[in-house]
Amino acid sequence: MLEEDEHSHNQFSSSISKLHCNIPTTTSVHDLLECPVCTNSMYPPIHQCHNGHTLCSTCKTRVHNRCPTCRQELGDIRCLALEKIAESLELPCRYISLGCPEIFPYYSKLKHEAICNFRPYNCPYAGSDCSAVGDIPYLVAHLRDDHRVDMHSGCTFNHRYVKSNPMEVENATWMLTVFHCFGQYFCLHFEAFQLGMSPVYMAFLRFMGDERETQNYCYSLEVGGNGRKLTFEGSPRSIRDSHKKVRDSHDGLIIYRNMALFFSGVDKKELKLRVTGRIWKEQQNPDGEVCIPNMYT
């Protein structure tokens, strides 16, 4: 502990003195807390080498215990002085430019940012591991221009899915359509996958917005043929929930292949499914007990 305190004091004595005098300096405490390897903010344990260069605990393992600045062996020296300075700081949320007005103690900031309502959204496209992130207007343009997703206006849909070889489920293509209604965007997913040993088809809706707003909307899905039909009704899931999470929770219209072929016709050689549905906005009545469907856009 004595060795740690001595190294911490040697490194920061000059920087701290600059912060408390009128000597101009471009070094801020925030700069000192930035890991030189990953450039993320550092949190305890903060490590330093014998020459006083710091880095975060995650990067310490990545650099094989060698200081990335001077190449000296890092050892197990904690930078207690910097950890103590960080404890006294209050900083704005990293998403301040996206509208978050909150200010947090340094060690609470990271926890908030993980659930901040203003944090960017991940691309909702399911057919690839797309790394695009951004706000909703950016993602809508991204889906349209980069993924060539079909865009529709209105709150009703009539989705036709045709497959010449219904026996192939593993290589089935994911399908995504974006609908714009009530001033919001919704993603309609349709895909085939294995549910245990059973091939199934599934349709579900995701809301392009935060979880808090999903309860303002409902949707229904229907598929049928040969005098039979299946229906599903519920609230859309936010795109905060990954596509895989929603699919694996079975929160949508699930059609087993035998039933899908029955809906398709008598020959059962080609899959022909028509999925219809609608989206509506729920309005709270004055007593706050019953939600009334609002059919108007």
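Taken together, the values in this text are just the output of simple stated rules run on the coordinates, not laboratory data. All of these numbers come straight from a predicted model, not from anything done at the bench. For neighbour counting, all protein chains shown are included, and Cβ atoms are generated from backbone atoms with ideal geometry for every residue, glycine included.
For region 97-255, take N as its residue count and report Rg(C-alpha) divided by 2.2 N^0.38 Å.
Taking the Cα Rg and dividing by 2.2 N^0.38 Å, one obtains 1.15.
Given a cut-off of 31 Å, name the pairs among K245/K272; K111/K245; K60/K245; K60/K244; K84/K244; K163/K229 whose C-alpha atoms lie farther apart than that in the structure shown.
The answer is K60/K245; K60/K244; K84/K244.
Give me the extension gain from R144 to Y256: residue separation times 0.36 nm, minus the current Cα-Cα distance, reported in nm with one decimal.
37.2 nm
In nm, to one decimal, how far is the T276 label point from the K84 one, both placed 7 Å along Cα→Cβ?
If labels sit at T276 and K84, their model points lie 7.3 nm apart.
Taking the simple approach of a point 7 Å from Cα along Cα-to-Cβ for both E222 and D76, what is their distance in nm?
Spacing of the two 7 Å Cα→Cβ label points: 6.8 nm.
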